[in-house]
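Asks: This is the structure, below, for whatever I ask next.
Just so it is clear, none of the values below were taken in a lab; they were calculated from the coordinates. As the structure is a prediction and not an experimental result, all values here were calculated from the model. All Cβ positions, glycine included, derive from the backbone under ideal geometry; neighbour counts span all protein chains shown.
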Amino acid sequence: MVLAFILTGCAAASQQEPSADGPLDPKNPVTISIWNYYNGAQLSFFNDLVKKFNETDGKVQGIFVESFSQGSVNDLESNVLAAAQGKVGAGKIPNIFAAYADTAYAVDRLGLAADLSGYLTEEERAAFVDSYINEGRFSEEGGIKIFPVAKSTEIFMLNKTDWDLFSSATGASREDLATMEGLVRVAKAYYKWTDGLTPAPNDGRAFFGRDAMANYFLIGAMPLGCEIFTVRDGRLDLNFDHDVLRTLWDSYYVPYIKGYFASSGRFRSDDIKTGNIIALAGSSSGATFFPNKVSGIFVILNTGELPDSPEQPCLSKPGIYLRDLDPASAPSNRSADLLLERAPIEVVRSFGISTDAKWRPLFLFGEEGAGDSYMPLFQPLQAAFASRSPGDPSGYGHWALFPPRFREMSGAPSSIPFR
C-alpha cells in the first residue's frame with residue numbers, strides 16, 4: 001500500500017519558495033485532506049494519530065489534517081477515480097490518498113499526481129528498499145509519484161476458537177500443519193468431522209483457503225528442488241518438472257475439488273470472517289481486517305403448530321438471517337460487511353447484499369437436512385406458551401437464552417406476536 005499526493009491545494013502551495021518566516025502560518029493553517037480505507041481498530045488508531053498531530057506539531061506549524069475513511073479499498077479506489085475525473089456527485093479530490101500502485105498510476109495519467117522526488121534527500125531514499133521506491137517511478141523521467149508506507153508478506157493464519165473445538169474432538173495437532181501433505185490430511189479430517197455434525201450427507205465445511213495460487217507454485221516448488229523461473233544472461237528459462245508439479249497439484253487442486261479447501265470471497269480473509277474456512281495462507285495485511293466480533297439478526301416467521309420438543313421433525317420456515325461481519329467498522333457503500341445467510345430469493349435481489357456460501361431461501365430444520373438449529377424458534381415460543389393462557393395469544397412475547405451448546409448464538413432469541 002502506498003500514499004499518493006495530488007497536485008492541488010496545499011500540495012502545489014508547498015512547492016513555493018519559502019518566505020523568511022517559512023511557508024506556513026499557524027494563524028492561518030493549511031488544511032490537508034487524507035482519504036483512507038481503514039476500518040475498526042485500524043481506523044481508530046489512525047484517527048488518534050491525526051488528532052495528536054493536529055494538537056501538537058500541526059498546531060505549531062499551521063497544518064490541520066482531515067481524515068476520511070471511504071469504507072473499503074474498493075470504495076476508496078472508486079471514489080478517488082470519480083473525484084479525479086470530476087464525475088457528477090463525486091467528492092472533492094483529496095490532497096493525499098492511500099492506494100495500490102495501479103490506482104495511483106491512473107491518477108498520474110490524468111496529470112494529478114505530485115512528484116515527491118524533491119522532498120526526499122538521498123539519505124532518506126537510501127533508507128528504503130530500492131524496489132519500493134522504484135515502484136513509484138511511472139516514467140523514464142525519474143519522478144517519484146507514490147510513497148511506500150506498508151508492505152506485506154504471506155503468512156498462515158488459523159482461527160484458534162474453531163481449531164480448539166475440532167482438535168479436542170478429533171485429536172488433531174498443530175504439528176500436523178507443518179507440511180502441505182499434513183495440511184491436506186487435516187483439511188480432509190475437518191471436512192468429515194463437520195459433515196458428521198448434521199444429518200445431511202456431504203455438507204462438510206472447508207478447512208483452508210489460499211489467496212495466491214502463483215505464490216504457492218513458485219515457492220512450493222523450491223523446497224522440492226525446482227525453481228520454475230530462472231534468469232541467466234538476461235534470458236528467462238521455464239522449468240516444469242512433472243513430478244514436482246504433480247506433488248503441488250495433489251496438495252492444491254485436489255483438496256479444492258473435494259471441498260477440503262475453499263475460495264468464496266474476494267480474499268481468504270473474507271472467507272475466514274464468514275466461517276467458510278478456519279485457516280488461510282494470505283497477505284499479512286489481511287490480519288488487520290479481522291473484526292473483533294461478528295453480529296447479526298434473524299427473524300423466523302411461524303404460522304403453524306410446533307412439535308412438542310426440538311428433537312421432533314419441524315417443517316421449514318420462512319425468514320431472514322443477516323450477519324454483520326464487522327459491526328465496529330464504518331458502513332461500506334456496497335454493504336460489503338453484510339451477508340445474507342437465510343432469505344427468500346426475492347429479498348436477496350431487492351437488498352443487493354451478497355449471500356453466504358451456505359445461503360438458503362428458508363430455515364430448514366431437522367429431517368430436511370440443512371442442520372439449522374430449531375432452538376431459536378422453539379425455546380422462546382414454548383416459554384411464551386407456558387407462561388400465558390392459550391386463549392390469550394396477544395401476550396405470547398417472551399425472551400429466552402440459548403443453551404451453551406449453541407456457541408454461535410451468543411444473543412437472546414425472543415418471540416413477538418403479530419395480530
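Asks: At what distance in nm do the modelled label points of THR121 and ARG174 sit from each other, each positioned 7 Å from its Cα along Cα→Cβ?
Replies: 4.5 nm
Asks: Starting with the highest mean, order 24-32, 120-128 by the number of other Cβ atoms within 10 Å, averaged over the residues of each peptide. Intermediate values should be presented prior to the final figure.
Replies: On the way: 24-32: 13.2, 120-128: 10.1.
Answer by packing, highest mean first, reads 24-32, 120-128.
Asks: How high is the relative contact order of segment 127-252? Use alpha-carbon pairs under 8 Å, at least six apart in sequence, and give a whole percent.
Replies: Details: 85 pairs, mean separation 14.5, N = 126.
Once normalised by length, the contact order is 12 percent.
Asks: Given the C-alpha centroids of segment 216-240 and segment 136-211, what is the distance between them in whole angstrom?
Replies: Using only Cα atoms, the two centres lie 25 Å from each other.
Asks: Using a 7 Å offset from the Cα along the Cα-to-Cβ direction at both ASN134 and VAL348, what is the distance between the two label points in nm, to one decimal?
Replies: About 4.8 nm, to one decimal.
Asks: Among the listed pairs LYS160/LYS358; LYS192/LYS317; LYS52/LYS160; LYS145/LYS273; LYS59/LYS145; LYS87/LYS273, which have their C-alpha atoms separated by more than 31 angstrom in this model?
Replies: Numbers: LYS160/LYS358 22 Å; LYS192/LYS317 28 Å; LYS52/LYS160 35 Å; LYS145/LYS273 35 Å; LYS59/LYS145 28 Å; LYS87/LYS273 34 Å.
Where the Cα-Cα span goes over 31 Å, the pairs concerned are LYS52/LYS160; LYS145/LYS273; LYS87/LYS273.
Asks: Above 19 Å lies some portion of the pair distances; for segment 21-80, what is it as a whole percent of all C-alpha pairs? Don't jump to the answer; show the numbers that get you there.
Replies: Numbers: 695 of 1770 pairs.
Considering segment 21-80, 39 percent of its Cα-Cα pairs are separated by more than 19 Å.
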